[in-house]
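Asks: A single structure is presented below for examination.
The values are calculated or read from the model by the stated rules, or taken from the named source; none is laboratory data. Note that the structure is predicted; figures quoted are calculated from it, not measured. A quick note on method: Cβ atoms are made from the backbone with ideal geometry, for glycine too, and the neighbour counts reach across all protein chains shown.
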Amino acid sequence: MSPPFLFGFLLLLLLSAPYSATGSRKHPSHNQVPASDLVRTSCVHANYPNLCLRTLAAYSGPARTPHDLAKAAVNVSLAHAGRVSKYLARTAASGSGGGGGAGGRRQRAALEDCVEQIGDSVEELRETLKELKHLRGETFRWQMSNAETWVSAALTNEDTCLDGFQGVSGKLKADVRRKITNVARVTSNALYMINRLDQARRRTP
């Protein structure tokens, strides 16, 4: 290789090196952090931190900002509530909500109430997700208030479903309590993430 050609080749390498190191790199916005770090630091103060970490770490969406994480938390809650709603509807439709007698009637009534209450929770979580997907600067606080109200209502319905099974015994009660408790916990974590997003925005000048 002749000296002039060698010099030109080396010069080309030197000029292209900085570009190749930074030019292909994505430029995330200032509030983006690695998803794993965001989940870990956000979940540490949640009401159920271990559950928060487990469910959000497994979430497949691109949660790289507090806004993303709030949407992810509501999506997780909605998925859980949707599955339990279908389970309750199937159980009620199958007639396996209890036998005869006063105990059986109470259990069937509690189950039917739960079908309605968890169905309402699903709708409320859907409304929450709609708000979070279309946040705008000029209406941010109003939209966040709506989101917090919807999630709080969903959580109240889940708690009311659990209360309805007091005084009822049997395997169905245990199954429903376990499933609803799990839904209520992920919903509580979703409410925490929404509150966290709201507070972070309020601190921004």
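Asks: From (1) assigned to a loop (DSSP other than H, G, I, E, B); (2) within 22 Å of Cys43 (Cα to Cα), pick out the condition that doesn't hold for Tyr192.
Replies: Just one mismatch for Tyr192, condition (1).
Asks: Just for segment 174-205: of the residues that are farther than 24 Å from Lys86 by Cα and of a type in the set (A, V, I, L, M), which one is modelled with the lowest pLDDT?
Replies: Ala200
Asks: Next up: Restricting attention to segment 127-152, which residues are charged (D, E, K, R) and under 13 Å from Thr187 (Cβ atoms)?
Replies: Correct list: Glu148 only.
Asks: Being of a type in the set (Ser, Thr, Tyr) and either at positive phi or not in a helix (DSSP H, G or I) (or both) is the filter here, so list the residues in segment 157-189 that pass it.
Replies: Selection gives Ser169 alone.
Conditions tested, residue by residue: (1) part of a helix (DSSP H, G or I); (2) at positive phi; (3) at pLDDT 95 or above.
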{"site": "Ala63", "(1), (2), (3)": "no, no, no"}
{"site": "Ser77", "(1), (2), (3)": "yes, no, yes"}
{"site": "Leu125", "(1), (2), (3)": "yes, no, yes"}
{"site": "Glu138", "(1), (2), (3)": "yes, no, no"}
{"site": "Thr149", "(1), (2), (3)": "yes, no, yes"}
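Asks: Within segment 36-49, count every residue that is of a type outside the set (A, V, I, L, M, F, W, C) and more than 14 Å from the chain's Cα centre (by Cα).
Replies: Total meeting the criteria: 5.
Asks: Looking at segment 151-173, which of the residues that are over 14 Å from Cys114 (Cα atoms) and modelled with pLDDT under 95 is surrounded by the most Cβ atoms within 10 Å (Cβ to Cβ)?
Replies: Among them, the one singled out is Gly170.
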